[in-house]
1. Give me B:LEU228, A:LEU109 sorted ascending by neighbouring Cβ count inside 10 Å, so fewest comes first.
2. What whole-number distance in Å separates the alpha-carbon centres of region A:181-197 and region B:226-248?
3. Report the dimensions of region A:64-120 along its three principal axes from the alpha-carbon atoms, largest first, rounded to Å.
4. Among rounded, prolate and oblate, which fits region B:95-242 when a ≥ b ≥ c are the square roots of the eigenvalues of its C-alpha gyration tensor, a/c under 1.5 means rounded, and a/b larger than b/c means prolate?
5. Taking the beta-carbon count within 10 Å as an exposure proxy, list A:SER400, A:SER276, B:SER165 from fewest neighbours to most.
6. Compute, for the protein assembly as shown, the length of the dipole vector about the Cα centre, with Cβ point charges of +1 (Lys, Arg) and -1 (Asp, Glu) only. Units Debye, rounded to 20.
7. When you look at the Cβ of every residue in A:70-81, what mean number of other chain Cβ atoms sits within 10 Å?
8. Rounded, prolate or oblate for region A:11-167? Axes are the square roots of the Cα gyration tensor eigenvalues, ordered a ≥ b ≥ c, and the cut-off for rounded is a/c under 1.5.
Amino acid sequence: MSNINHNIESPKEKQNRHKAMEAIKLLNTLREDFKAPIKSMEYFYDLFERVHCKHESLHDGKTKIGTMCIQIPSEIIYALDGVPVRLCNGFYTDDEIGSDLMPQKACPLIKATVGHFASGNFTDKPDIVFSPTTCDQKTKAGTTIESFGYKLIDIDFPRTKESEASREYWRRSVKQFAVELSKFQGKKLNRTDLRNAIKKIGYAQSLYHKLSDFRKKEIVPILGLDVFLVTNAFFFDKIDNWIEATEKLISELEIRAKEKITVTGKASPRIVYTGSPPIFPNYKIPQIIEESDGIIVADETCSSNRMFNDMVAVDEWNIYDMMDSISDKYLKACTCPIFTKNEDRIRRVVQLVKEYKAEGVIYQAFAGCTVYEMEQRSVLEAMEKEGIPILYLESDYSPSQGGQLSTRVEAFIESLKTRRRKKK
Amino acid sequence: MKYFAGIDIGSTAIKISIVDENKNLIGSKISASGSMFYKYAQETLDALTNELELNNNNIAYIVATGYGRKLYKEADENISEITANAIGARAAASEFGEIKTIINIGGQDSKAISLDSEGNVVNFAMNDRCAAGTGKFLDVVALKLEMDVNMLGEYHFRSQGTPLSVSSTCAVFAESEIIGLLGNDHSIEDIVCGVHYSIAKRIVKLVKRVGIKEGVYFDGGPALNAGLVNAIENELGQRIFVPKNPQITTSFGAAIMGVDSYNYENN
């Protein structure tokens, strides 16, 4: 019927364009809108641009093992010659697609993840997906995803972590995971490969800790936004490339630290960020914080700190010990609010505040993420007891709420500045 | 032969169409609204009747429509631009098939109109009180990019990279966003393309409020911009029909309305 001759995009092309537009907007902000940009961050900007704007695949010819949460041990995936690809999704485009398939009040992260699977539009399509039974919505989303024709295996995850029984239960699940993956890959798990994988991931974690050390200093040489990008890249990047790029970044930060190059203003309040995970390109709240003269010095989220904080601690390098140590890392050290009791999370946040000399905490929950919404009460109480100012925000993936949220964040940051002045 | 005039006085332009007794369009004229709606409307009508070698006595009935319709006191009747647009669109698209949805972007507003199979308006949605995402917005963008507004379409199709969206389609805020993009040396083509997609997304939301059906018709001045047409088609995921002269549809509809009213009153 049209009288103008241009092809109309297919749904896939439209989805790609929408995602590219979301991605480039954030990447351009990171590249251009902050002072003293870091040269070696360009690797990460470019990585996200290649994947989300140019739709390049990174792992052609490899078996891609999709994971739905951080509890699926990457060590075992690497040891069995797979590439872990974490599919937690931050795109509003996919959130809108998922909204038609999920309850209206569901969490945007899950909606976006389900929407992504529903579209089937992947640059690195997972050959198999492992879904740990963590929160209700992720657990149930598994069956929805399976109904689209993906091979998906549930991995039983306990929701208490204090008891010895749950520890045993989870160790069994991890073994089961290794068995399933080993069958899928047609390869037996061996000691050397598992040990190498543990060492490699351990090394990546050590780089994260080095990176974090710079943020403890008085002069902060890197934005929280950039760190989120680095840690988010670990979801899907080739691990060796990631390690090399992060090493370069650390060398540049060493120079910047010596030359006292800062990314902050004269009196930018130091913030610890906790709650629902910022996943590219949904950096809405971190962006508002850092555009309002705050600086995120540390975070307690599963898209960043929680992936790297705790290492696998092996006693004896035999396969049974290694497997048990891996299991413990993914259960005992985890501070996800799905657990019945979660004193660990409060301790972690308080510890981060002290270690990174933060002046306030910003706690964000996705509207629909019930466990984070529920746990804000105990965290707020605990912070009050410790005398740490905290701001609680609810948000989602929609691009439109900026105004109201930024007013609240700005007021909070101003109050931190006033507090500091009065102290002096 | 009797003739009938439809005068559409918009915020930016005055559009006049003249039809004969059989509702055939015999001429039209567009001029800027300027500051004196009434005076310019009269001048434009005179100029058009001269061109068509008619005199004002041949004009049996005048229907005024549009934002400034009440200022044109000589009109025999005045009707809302929604009704006029619906009538005009159906007539203009008659050779192409049935029109179910109209998208109209004017100088300072935008609307989506849903029609039933007889062409009656069943639902419509308009933008809020501001000129975000309208023709005025495109004017501001073109001015900032130092190009004629007619060039926007061409730039759109030359975009090679990812379209750079503007978060606000408010003409005032968007200007500063565009300055920011220009300051960072982004390609003008990608900016233009992003601007079109930002408007398209907004208009598609409006269309969704009245329901998306097959048979979408797009008119108003911005419909001359092929880049914007492309963006709306992509956002809707379907072809839309743009008439040859998208600016005059509403005045054409008013003129047709004049024929019916005249016949009704005189029979």
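1. Going from least to most buried by this count: B:LEU228, A:LEU109.
2. Here the answer is 56 Å between Cα centres.
3. Computed over the Cα atoms, the extents are 39, 20, 15 Å.
4. Verdict is prolate for region B:95-242.
5. Sorted ascending by nearby Cβ count, the order is A:SER400, B:SER165, A:SER276.
6. Rounded to the nearest 20 debye, it is 2400 debye.
7. Averaged over the peptide's residues, the number is 0.
8. Prolate shape, in that a/c is at least 1.5 and a/b is the bigger ratio.
Since every read-out is calculated from the coordinates, none of them should be taken as a lab result. Keep in mind that this is a model prediction, so the values were computed, not measured. No Cβ is skipped: glycine too gets one built from the backbone with ideal geometry, and neighbour counts run over all protein chains shown.
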